[in-house]
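Reviewing the structure listed below.
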Amino acid sequence: MRIVLIAIVPRRARTKSEATDRLLADYIERCGRYVPCDSQIFEQEADFLEWLSKQPGRTPAYTILLDSRGQQFSSEDFAARFGALRDGGSQRVVLAVGPADGWSSAALQRASLLLSLGKMTLPHQLARVVAAEQVYRALTILAGHPYHSGH
């Protein structure tokens with residue numbers, strides 16, 4: 001299974017934040033101890049959807065769109081979902097932070113899961129870090145690593 005963390009951020013809206021960039025890179029590196037993991041930024045949702053349709057594999061990528069209307073999971077439930085995907089043979093899992101105006105109906109139809117990180121709105125940079133940390137936490141839960149102590 002390969003995990004790809006995506007963000008839709010127009011170039012004009014991108015800001016440099018060394019702190020969040022370092023955190024994101026750190027969690028992606030940590031995830032890489034368990035499964036291949038990387039991150040990409042797209043200027044527009046259409047570019048992301050085109051990229052998504054071109055992903056190789058015998059099955060389509062399992063696509064998780066972060067959306068305030070999505071389901072909320074505990075870390076343990078999120079880990080169980082990842083475990084089921086891994087054990088079910090999913091080759092690619094994509095987690096995507098959407099455009100500032102929200103996902104289009106075309107994107108929502110492509111989603112395998114709508115996931116909410118909570119009711120509060122987060123900046124893209126922070127949402128990406130939170131998503132990456134939760135992916136890492138899920139992988140450590142599945143591996144029985146003590147990173148997640150159940151709190």
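A short reminder: the numbers here are calculations on the coordinates, not readings from a lab. Predicted, not measured: the structure shown is a model, and the values here were computed from it. As a convention, Cβ positions derive from the backbone with ideal geometry for all residues, glycine included, and neighbour counts pool all protein chains shown.
Compute the Cα gyration tensor for the range 45-113, then decide on rounded, prolate or oblate, letting a ≥ b ≥ c be the square roots of its eigenvalues: rounded whenever a/c is under 1.5, prolate when a/b is larger than b/c in the other cases, and oblate in all that remain. List each step's numbers first, then the result.
Numbers: a/c = 2.68, a/b = 1.16, b/c = 2.31.
Here the range 45-113 falls in the oblate category.
Restricting to the chain, what percent of DSSP beta bridges are antiparallel, rounded to 5?
Values: 0 of 21 bridges.
Bridges in the chain that DSSP calls antiparallel: roughly 0 percent.
Full extension from Q72 to L114: what is 0.36 nm times the residue separation minus their Cα-Cα distance, to one decimal in nm?
Full extension from Q72 to L114 adds 14.2 nm.
Would you mind checking the range 113-141 for residues with the amide N under 11 Å from a putative spin-label position 7 Å along Cα→C-beta of V35?
Under 11 Å, as judged by backbone N against the label point of V35, lie 135-136, 138-140 of the range 113-141.
Based on the alpha-carbon gyration tensor of the range 73-142 and its eigenvalue square roots a ≥ b ≥ c, which shape applies: rounded if a/c is under 1.5, prolate if not and a/b is larger than b/c, or oblate?
Values: a/c = 2.19, a/b = 1.32, b/c = 1.65.
In terms of gyration-tensor shape, oblate.
Can you tell me the length gained on complete extension of the stretch L122 to T59, counting 0.36 nm per residue apart and subtracting the Cα distance? All intermediate terms of the calculation are to be shown ahead of the outcome.
On the way: separation 63, 0.36 × 63 = 22.68 nm, distance 3.15 nm.
Roughly 19.5 nm would be gained on extension.
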